[in-house]
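**Q** What follows is a structure written as structure tokens; I'll ask about it next.
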Amino acid sequence: MEEDSKNVSLSEPQLALMRVLWSKPNSSVSEVVDAMRQTRPLAHTTIATMLSRLEKRGLVTTIKEGRQLIYRASYSEAEIQKSMVSELLSSVFMGNARALLSHLVSEEEIKEEDLEQIRQRLLAHSSKGKTHG
């Protein structure tokens, strides 16, 4: 991601809209409206405004196809997630990843099977570091 959009913060409706574009790239406003109506019924004009604002922020791009604009996400879902988690970590937990993990565990936001997967990743990660040193 570019430097100016490194710390992306999206509202829930904006994130829902981006999910539509990730699953259906090259969508018109009407197609986005139809897809979003499955989960949140927002007015056509509201979605058009949201798309326009996301375009101004560089998060979506447009191409003109005939008389309509076709929208596409500028960044992958993984890039946006990474940016939003970094922003959360920095703003809410003052950069302390241990505090974030502790919060997730104590609030039972992480299931036991997820914790086991995290343990396995940590073990794999730490053993990788040992082979290089």
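**Q** S9 to H125: extension gain in nm, 0.36 nm per residue of separation minus the Cα-Cα distance?
**A** On the way: separation 116, 0.36 × 116 = 41.76 nm, distance 2.88 nm.
Taking 0.36 nm per residue and subtracting the Cα distance, the gain is 38.9 nm.
**Q** Which of the lysines could a cross-linker span from K128 if the Cα-Cα distance has to be under 29 Å and same-chain partners fewer than 8 positions apart are dropped?
**A** Answer for K128, where 29 Å is the Cα cut-off: K6, K82, K111, listed by chain and number.
**Q** Turning to a different aspect of this structure: Any idea which of I70, N96, L15 is furthest toward the positive side of the dipole for the stretch 2-133, if Lys and Arg beta-carbons carry +1 and Asp and Glu beta-carbons -1?
**A** The one lying farthest along the dipole's positive direction is I70.
**Q** Next question, about the same structure. Give me the percent of accessible area attributable to carbon and sulfur for the chain, probe 1.4 angstrom.
**A** Values: 4890 of 9480 Å².
Answer for the chain is 52 percent, counting heavy atoms of protein chains only.
**Q** Only four residue types carry charge here, +1 at the Cβ of Lys and Arg and -1 at the Cβ of Asp and Glu. Report the dipole size of the chain about the Cα centre in Debye, rounded to the nearest 20. Could the numbers behind the result be given before it?
**A** On the way: 18 positive and 18 negative charges, 78 e Å.
Using only the charged Cβ atoms, the result is roughly 380 debye.
**Q** Tell me, what is the per residue accessible area of the chain in Å², probe radius 1.4 Å? Please report the intermediate quantities before stating the final value.
**A** On the way: 9480 Å² over 133 residues.
With the other protein chains kept in place, the chain gives 71 Å² per residue.
**Q** Tell me whether the stretch 25-81 comes out rounded, prolate or oblate; compute the Cα gyration tensor, take square roots of the eigenvalues as a ≥ b ≥ c, and use a/c under 1.5 as the rounded threshold.
**A** Values: a/c = 1.61, a/b = 1.12, b/c = 1.44.
Because a/c hits 1.5 or more and a/b fails to exceed b/c, the stretch 25-81 counts as oblate.
**Q** While we're looking at this one, here's another question. Rounded to the nearest 0.05, what FRET efficiency is calculated for R67 and W22 with R0 set to 30 Å and r the Cβ-Cβ distance? Could the numbers behind the result be given before it?
**A** On the way: r = 25 Å, r/R0 = 0.85.
Result of the calculation: an efficiency of 0.75.
**Q** How many percent of the alpha carbon pairs in the stretch 20-117 exceed a separation of 24 Å? Walk me through the numbers on the way to the answer.
**A** Working: 2008 of 4753 pairs.
For the stretch 20-117, the fraction of Cα-Cα distances above 24 Å is 42 percent.
The values are calculated or read from the model by the stated rules, or taken from the named source; none is laboratory data. What you are looking at is a predicted structure, and each value in this text was computed from that prediction instead of being measured. Cβ sites come from the backbone with ideal geometry, for glycine too, and all protein chains shown count toward neighbours. These area figures cover heavy atoms from the full protein model, side chains too; ligands, DNA and RNA do not enter into them. Shrake-Rupley method; radii C 1.70, N 1.55, O 1.52, S 1.80 Å.
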